[in-house]
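The structure appears below as structure tokens.
Laboratory data are not the source of any read-out in this text; all were calculated from the coordinates shown. Owing to the predicted nature of the structure, the values given are computational and were not obtained by experimental measurement. Reconstructed Cβ throughout: ideal geometry from the backbone, glycine too, with neighbour counts over all protein chains shown.
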């Protein structure tokens with residue numbers, strides 16, 4: 001009974017711990033083989049902590065991290081750096097969670113529409129397919145714009161719209177994952193933002209899986225982008241050319 | 001005063017009476033008869049009950065081509081579902097061709113870095129130099145953009161609708 005009451009905080013805690021452990025592994029693995037997520041999320045922290053720069057001193061005055069680096073128990077792997085893993089979780093993880101929740105807070109009705117369409121069959125497949133097509137479309141458009149002088153300045157705008165769309169989509173996917181966990185694990189009723197937070201932690205954990213994380217995160221971001229576009233940012237009406245035909 | 005109607009005549013008039021198709025004078029005579037005749041009143045009650053009225057309606061015979069028409073109406077949806085996924089093949093082919101034409105990911109990243117540098121230059125006030133581009137590459141890019149746009153429109157069409165829009169409908 002007690003466990004059921006606190007099942008959401010426990011689940012969030014387990015997912016956060018799992019994320020930190022996965023980052024720890026990411027740091028230890030480093031860039032031994034192509035591991036882009038480790039480079040982007042965790043590796044810069046582990047290497048930066050060894051450098052004595054003005055920048056480092058300004059943001060890391062305690063320098064606790066340098067005393068918490070251990071040798072790897074497995075030969076051939078890099079150092080075990082739990083401090084860097086926690087720091088990476090608290091920065092990248094918090095960033096992802098906050099951005100995902102911001103989308104839901106600012107556009108709750110649109111988020112609901114989008115999640116409803118994602119939960120319907122075959123919502124996830126269509127969203128992923130649309131995301132894949134949109135990546136190709138964006139590549140084509142951006143490359144075409146690059147060969148013009150007049151529209152070159154539009155390129156950052158196109159990329160910004162794609163980024164915002166993907167972030168909104170990832171927020172909706174996080175909420176859908178939270179709702180799915182609620183149904184499957186028979187968890188008690190909770191505020192939707194808590195469910196979305198847990199969903200965002202699942203997304204983060206998937207993203208920091210060594211080697212496979214980059215593929216998983218790309219798939220989620222593409223599905224998010226596709227979901228946002230096919231639902232026209234979660235509008236109830238969807239895409240229609242009726243207004244143009246008068 | 002009008003002659004009172006006989007039961008046989010009233011029973012013939014019951015159906016148009018219930019439908020409100022009789023003129024006022026005849027309808028009044030039927031109404032007066034119903035007040036006095038229990039059997040005709042029972043028949044009237046039956047006539048106004050919904051199941052009875054539905055039963056009385058004759059359903060039109062289906063057209064000879066009905067089954068074929070239904071199958072034809074269903075078929076485009078299936079072919080569209082197939083088309084939605086098969087369009088990935090020409091897109092992948094075009095993307096592969098473009099990548100090959102640009103000398104792989106290296107060429108693509110050089111375009112990206114070139115764009116970034118040009119944008120920085122633009123922000124600094126200097127006009128960027130537009131790289132000369134092959135017509136074949138431009139055609140391939142336009143084809144990829146058009147196919148991807150069409151593909152996206154198909155995906156939007158087959159995507160499930162939201163519960164809210166279904167509620168509005």
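In terms of overall dimensions, the C-alpha atoms belonging to the protein assembly as shown reach 117, 68, 41 Å along their principal axes, ordered largest to smallest. Summarising the overall dimensions of the stretch A:135-175 from its C-alpha atoms, the Rg and Dmax are 12.5, 41 angstrom. If you bin all the Cα-Cα distances of the stretch A:120-212 at 10 Å, starting from zero, the percentages per bin are 14, 33, 30, 16, 6, 1.
The distance between label points at residue A:189 and residue B:63 comes to 5.1 nm (points 7 Å beyond Cα on the Cα→Cβ vector). Peptide packing: for A:89-99, B:123-133, the average count of neighbouring Cβ atoms within 10 Å per residue gives the ranking A:89-99, B:123-133, highest mean first.
Here the gap between residue B:123 and residue B:100, fully extended at 0.36 nm per residue and compared with their Cα-Cα distance, gives a gain of 5.1 nm. Across the stretch A:59-153, the fraction of Cα-Cα pairs farther apart than 21 Å, rounded to a whole number, is 67%. Could you work out how far helix A:108-119 tilts from the main Cα principal axis of chain A, as a 0 to 90 degree angle to the nearest 10? Roughly 90 degrees between the two axes.
For chain A, the longest principal axis of the alpha carbon atoms and the long axis of helix A:7-29 meet at an angle near 70°.
What is the pair-distance distribution P(r) of the stretch A:72-124, computed from all Cα-Cα distances in 10 Å bins starting at 0, with each bin given as a whole percent? With 10 Å bins starting at 0, P(r) equals 20, 25, 23, 17, 14, 0.
Translational diffusion of chain A was estimated from the Stokes-Einstein equation, with Rh taken as the Kirkwood radius over Cα pairs; at 25 °C and 0.890 mPa s the coefficient is 123 µm²/s. Between the helical axis of A:123-146 and the longest alpha-carbon principal axis of chain A there is an angle of about 90 degrees.
Counting Cβ atoms of other protein chains within 10 Å of each residue's Cβ and taking the mean over peptide B:146-154 gives 5. Each of B:21, A:243 was scored by other Cβ atoms within 10 Å of its Cβ. Listed from fewest to most, they are A:243, B:21.
Within the stretch B:122-157, list the residues whose amide N lies under 11 Å from a label point set 7 Å along Cα→Cβ of residue A:149. Correct set: B:127-131.
This ranking places B:11, A:63 by how few other beta-carbon atoms lie within 10 Å of each, fewest first, which gives A:63, B:11. Peptide B:101-113 has a mean shielding of 1, counted as Cβ atoms of other protein chains within 10 Å of each residue's Cβ. In chain B, helices alone account for a calculated mean residue ellipticity at 222 nm of -25000 deg cm²/dmol, with every DSSP H run of four or more residues adding -39,500 (n - 2.57).
Comparing mean-square fluctuations of A:81, A:183, A:26 from a GNM of chain A with C-alpha springs under 10 Å, the top value falls on A:183. Counting Cα-Cα pairs of chain B in 10 Å increments starting at 0 gives whole-percent bin shares of 7, 17, 13, 12, 11, 9, 8, 8, 8, 6, 1. Mean partner shielding of peptide A:228-241, defined as the number of other chain Cβ atoms within 10 Å of each residue Cβ, is 3.
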